[in-house]
Amino acid sequence: MPTFFSTDILFFLLLLGLAGLIFHMSRREHLRRPWRKVARSPSAMVSLVILLVFLGIAVLDSIRFHPAENGGGNGGARYRSEPVTLLDAWLGPIRARVEKTYSAPLSAYSYAKEMIRQPDGGEVWDYPRLKYGGAHLADPARERPGDVVRIGAQGLGEGLLAWLVPVTAWLAWLGWQERSGFAARFGSIVRGESDVPWRTIGLTLLIICLAGGMVGELGPKYHVLGTDKVGEDVFYQSLKSVRTGLLIGTLTTFATLPLALVFGILAGYFRGWVDDGIQYLYTTLNSVPGVLLIAAAMLVMQSYMARHENEFASLALRADFRLLALCLILGLTSWTGLCRLLRAETLKLRELEYVQAAKALGVREGMILLRHILPNLFHLVLISVALDFSSLVLAEAVLSYINIGVDPTMESWGNMINSARLEMARDPVVWWSLAAAFLFMFALVLPANLFADAVRDAFDPRRGE
Amino acid sequence: MIGYLLRRLLYAFPLLLGINVLTFILFFVVNTPDDMARMHLGQKHVTPESVEKWKRERGYDLPLFWNAKAGGTEKVTGTIFYQKSLGLFLFRFGRSDDGRDIGADIGQRMWPSLAIAVPSLLVGLLVDISVALLLVFFRLTYLEFWGVALCVAAMSVSTLFYIIGGQYLVGKLLQLTPISGYDTGLNAWRFVALPVLIGIVAGVGSGARWYRTLFLEEVEKDYVRTARAKGLPEPRVLFAHVLRNALIPILTGVVVVLPLLFTGSLITESFFAIPGLGSYTIDAINQQDFAIVRSMVFLGSVLYILGLLLTDISYTLVDPRVRLG
């Protein structure tokens with residue numbers, strides 16, 4: 001029985017809009033040309049592949065359903081009240097294996113010593129074996145390194161296979177398409193001389209497949225990135241956090257774009273008192289330091305939620321509402337920059353001949369704005385959305401640290417960092433939670449930055465061909 | 001010039017009023033004093049009497065905008081808006097929800113904030129600009145490519161990583177400085193060194209990249225070609241001519257943040273347990289002390305507007321072509 005949270009619905013709406021946009025752009029030559037430039041950049045294409053993998057994880061994590069209750073014997077299907085996502089179901093073996101407390105990555109022993117009851121009745125003070133991690137080993141100290149290498153190698157092999165099948169299929173399709181020129185085409189791809197850097201894309205996919213295969217094999221037997229304080233698998237948490245990070249980076253546009261577009265265009269086109277009013281509005285908002293405005297809005301939101309506690313049926317719904325509110329608040333505080341850009345550009349556009357001509361021909365003003373102004377602001381919007389994405393993902397971690405970010409019960413990199421940072425004082429250091437969160441954030445933000453740079457270079461008319 | 005400044009100052013008034021109304025709406029209308037009281041006294045099991053008492057002790061038991069019960073000017077002055085919000089214009093911050101004088105707290109806490117923020121800004125600026133100029137100096141070489149790549153990588157790392165990593169490496173492993181804390185007087189430098197260092201390292205990626213684009217725009221211009229044509233060595237062209245001419249955009253970025261140094265960096269101060277205004281604000285947010293948050297929002301806005309004004313004035317100092325009026 002599928003169910004949807006509000007952020008899921010908005011996320012899919014956004015993806016739908018994105019698909020529509022891609023369709024729209026693919027039919028217009030002047031929009032295709034900059035994209036071709038992006039496609040020729042190896043760094044941008046590598047980034048795109050990685051971003052698409054993250055997007056895939058987020059989509060899997062946004063399709064929820066109530067799983068059927070086991071042993072609900074009497075005929076009618078019964079469903080559990082807490083919904084799980086496809087990702088949860090897929091990672092089921094990793095999710096359910098909760099240990100007692102910390103354990104190091106790939107370890108078979110717990111992090112903390114405790115009294116262990118011996119079979120002969122005595123007790124020793126030692127590191128207990130983990131309930132799940134490496135549980136299949138008889139003597140971890142001796143067998144573990146060999147076992148990890150063996151399983152890892154098996155995973156690598158499976159990853160290679162998972163990569164080879166589609167690549168071969170694609171090459172075969174390519175060969176069937178252009179029978180005669182195939183050898184030359186294949187050669188140029190292998191030498192890295194093709195127009196679109198297919199070789200680089202293929203290598204990126206290979207690395208992702210290998211890593212995925214390895215983790216996929218090791219994951220059910222060990223804790224690849226260790227476990228956290230309450231024994232949850234850190235790798236699972238990191239994967240779950242992908243959706244939170246991506247949503248914060250993307251859903252914010254729902255608040256930013258309408259405000260920036262409407263106000264920017266109106267101020268630039270009508271000038272006069274409309275312009276004054278809108279300028280006053282965004283200067284006022286801009287004057288308040290961003291973090292403080294977000295903090296203030298989140299405080300108010302928190303007390304609203306405290307008052308309406310009964311309206312949230314479950315903790316998950318509550319966390320979801322808070323995530324949505326956070327996105328909207330981030331959007332409300334960050335539309336001013338784009339609005340100013342759009343206003344300046346509209347001021348320039350309205351004096352151009354074709355707009356003047358449209359006016360002289362008696363085209364209605366709404367039509368001028370929609371047909372003649374809006375499409376020509378497109379590149380600014382695209383660049384700005386792409387550039388903002390990474391800073392929003394990074395901001396989430398900082399906001400969660402001040403407790404004004406996402407709900408503490410929601411998996412996010414900020415929450416992982418926040419709960420793990422005090423553990424740096426322990427000896428030996430519990431570094432894996434922090435390392436995992438930072439690594440995943442870096443893996444998302446770096447490609448996002450590189451891709452945004454490529455998009456800006458391609459779409460900004462001031463940067464020549 | 002004087003006339004221009006006066007006009008700008010007058011223009012700041014409606015802005016501040018707007019901010020005032022905005023924070024007022026956020027903190028008193030959307031979120032009524034009753035909610036605040038309940039939040040502090042606990043959500044459940046709270047009697048109306050204790051709510052009233054809490055409100056009376058902190059002066060929240062008045063109407064929002066119009067006091068119909070009072071007479072004369074009291075109708076306006078006997079309201080929350082007049083007493084709590086307009087007072088901010090005179091920097092009367094009032095008392096925090098646990099009864100401390102906010103104005104005195106701010107006066108005391110701004111010094112540690114400044115001790116961290118000023119060196120971070122100045123040394124950081126120096127480092128950023130030097131790195132950017134070096135990147136421009138080596139342009140179209142592998143050194144530039146990898147330098148820029150490194151910058152992009154550095155700006156993709158979370159600030160929290162720099163802070164936690166720096167504390168661990170310098171404070172715990174090498175034991176060069178204390179991990180966190182603060183001391184009065186000159187002894188403070190031992191506590192200041194690490195946050196400043198981390199602030200610089202965390203900022204160098206995006207900073208150097210930003211200044212590099214500024215300088216790149218500048219080196220295309222004719223005067224640079226002339227300077228080269230007359231045989232000036234490249235370092236001199238860059239460090240004397242280009243740097244001077246790029247001052248305007250550099251100033252735009254720097255002068256705006258100057259006044260905001262008072263309010264400090266929220267994250268850094270809180271991580272290093274520095275008793276500055278940043279950690280003050282964070283504590284207030286965590287304890288949901290709206291009086292402090294409201295004061296800090298207002299103070300921050302005033303300083304930001306001041307920064308914008310300073311930017312305009314600084315233009316006339318570095319570029320004689322700019323005339324205000």
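Things to note:
- Of all accessible heavy-atom area on chain B, the percent that carbon and sulfur account for (1.4 Å): 66 percent
- Local electrostatic count, B:L309, Cβ distance below 13 Å [Lys/Arg +1, Asp/Glu -1]: +1
- With a 1.4 Å probe rolled over the protein heavy atoms of all chains, the accessible area of A:M410, B:M36 falls in the order A:M410, B:M36, largest first.
- Mean projection area, nm², convex hull over Cα of segment A:251-300: 3.9 nm²
- Inter-label distance for B:D183 and A:H30, nm, one decimal - labels placed 7 Å from Cα along Cα-to-Cβ: 6.6 nm
- Residue-normalised accessible area of chain B, expressed per residue, 1.4 Å probe, Å²: 51 Å²
- Across A:K229/B:K172; A:K240/B:K172; A:K113/A:K221; A:K37/A:K240; A:K221/B:K172, pairs whose alpha-carbon gap is larger than 24 Å: A:K240/B:K172; A:K37/A:K240; A:K221/B:K172
- Percent accessible area from carbon and sulfur atoms, chain A, protein chains only, probe 1.4 Å: 65 percent
- Residue ranking by accessible heavy-atom surface, 1.4 Å probe, largest first, among A:F312, B:F137 comes out as B:F137, A:F312.
- Between chain B and chain A, the total buried accessible area stands at approximately 3800 Å², from heavy atoms with a 1.4 Å probe.
- Straight-distance candidates among the aspartates and glutamates for linking to A:K359, with alpha-carbon spacing under 16 Å and chain neighbours fewer than 8 residues away dropped: A:E351.
- For the pair A:Q279 and B:E144, label points projected 7 Å from Cα toward Cβ lie 3.8 nm apart.
- Whichever aspartates and glutamates have a C-alpha closer than 13 Å to that of A:K100, once near sequence neighbours (fewer than 8 apart) are set aside: A:E114, A:D228, A:E232, A:D233
- Distant-in-sequence amide H partners of A:Y109 (H built 1.01 Å from N, under 5 Å): A:L130
- Viscosity 0.692 mPa s, temperature 37 °C, Stokes-Einstein D of the protein assembly as shown from Kirkwood C-alpha radius, µm²/s: 109 µm²/s
- For A:M1, the solvent-accessible surface computed with a 1.4 Å probe is close to 110 Å², ligands and nucleic acids excluded.
- With R₀ set to 60 Å, the beta-carbon distance separating A:R199 from A:E311 gives a calculated FRET efficiency near 0.65.
- Working note: Karplus 6.51/-1.76/1.60 with θ = phi - 60° gives segment B:13-30 the couplings 5, x, 4, 5, 4, x, 4, 4, 5, 4, 5, 4, 5, 4, 9, 10, 8, 5 Hz, where Gly and Pro are set to x.
- Anisotropy class of segment A:1-135 from Cα gyration tensor, a/c 1.5 cut: oblate
- With DNA, RNA and ligands ignored, accessible area of B:Y304 (1.4 Å probe; Å², nearest 10): 40 Å²
- Nearest-ten-degree value, helix A:378-401 long axis tilted from longest Cα axis of chain A: 40 degrees
- Estimated from the Cβ-Cβ distance and a Förster radius of 30 angstrom, the FRET efficiency linking A:A153 and A:A183 is about 0.35.
- Shape call, chain B: gyration tensor on alpha carbons, a/c limit 1.5: oblate
- If you run the Gaussian network model on chain B, springs between alpha carbon atoms under 10 Å, then out of B:L114, B:L90, B:L299 the most flexible one is B:L90.
- Residues with amide H under 5 Å from that of A:I63, placed H, sequence gap 5 or more: A:L86, A:L87
- Gain in span if fully extended, B:R323 to B:V127, counting 0.36 nm per residue against the direct Cα distance: 67.5 nm
- Zone residues, segment A:365-390, relative to A:F270, backbone N less than 15 Å from point 7 Å out along Cα-to-Cβ: A:365-370
- 26 Å Cα-Cα reach of B:K221 towards lysines, excluding residues that sit fewer than 8 places from it in its own chain: A:K348, B:K230
- Long-range HN-HN contacts of B:F93 with modeled amide H, under 5 Å: B:G103
- When shorter helices are ignored and each DSSP H run of at least 4 residues is given -39500 (n - 2.57), the per-residue value for chain A at 222 nm works out to -22000 deg cm²/dmol.
- Helix-only [θ]222 nm of chain B, DSSP H runs n ≥ 4, -39500 (n - 2.57) each, per residue, nearest 500: -20000 deg cm²/dmol
- Shielding score for A:430-437, defined as the mean number of other chain Cβ atoms within 10 Å: 1
- Neighbourhood charge, 15 Å Cβ-Cβ cut-off, centred on A:Y236 and excluding it, Lys, Arg +1 and Asp, Glu -1: -1
- Sequence-separation-based contact order of chain B, relative, with Cα cut under 8 Å and 6+ spacing, percent: 22 percent
- Rolling a 1.4 Å probe across the protein heavy atoms gives chain A an accessible surface of 49 Å² per residue.
- Three-way shape label, chain A, alpha-carbon gyration tensor, a/c 1.5: oblate
- Helix axis angle, A:272-287 relative to chain A longest principal axis, alpha carbon, degrees: 30 degrees
- Chain A: angle of helix A:198-218 to the longest principal axis, Cα-based, in degrees nearest 10: 30 degrees
- Calculated FRET value between B:L176 and A:L352, using beta carbons and R₀ = 51 Å, to 0.05: 0.25
- The length gained on full extension between B:R244 and B:Q287, counted as 0.36 nm times the residue separation minus their Cα-Cα distance, comes to 10.8 nm.
- Other protein chain Cβ atoms within 10 Å, averaged over every residue that makes up A:294-307: 5
- Measuring with a 1.4 angstrom probe and ignoring ligands and nucleic acids, A:V398 comes out at about 30 Å² accessible.
The values are calculated or read from the model by the stated rules, or taken from the named source; none is laboratory data. Since this is a predicted model, take the numbers as computed values, not measurements. When we count neighbours, we look across all protein chains shown, and the Cβ atoms used for this are built from the backbone with ideal geometry, even at glycine. When the accessible area is computed, the model is the full protein with side chains, heavy atoms only, and any ligands, DNA or RNA have been set aside. Shrake-Rupley method; radii C 1.70, N 1.55, O 1.52, S 1.80 Å.
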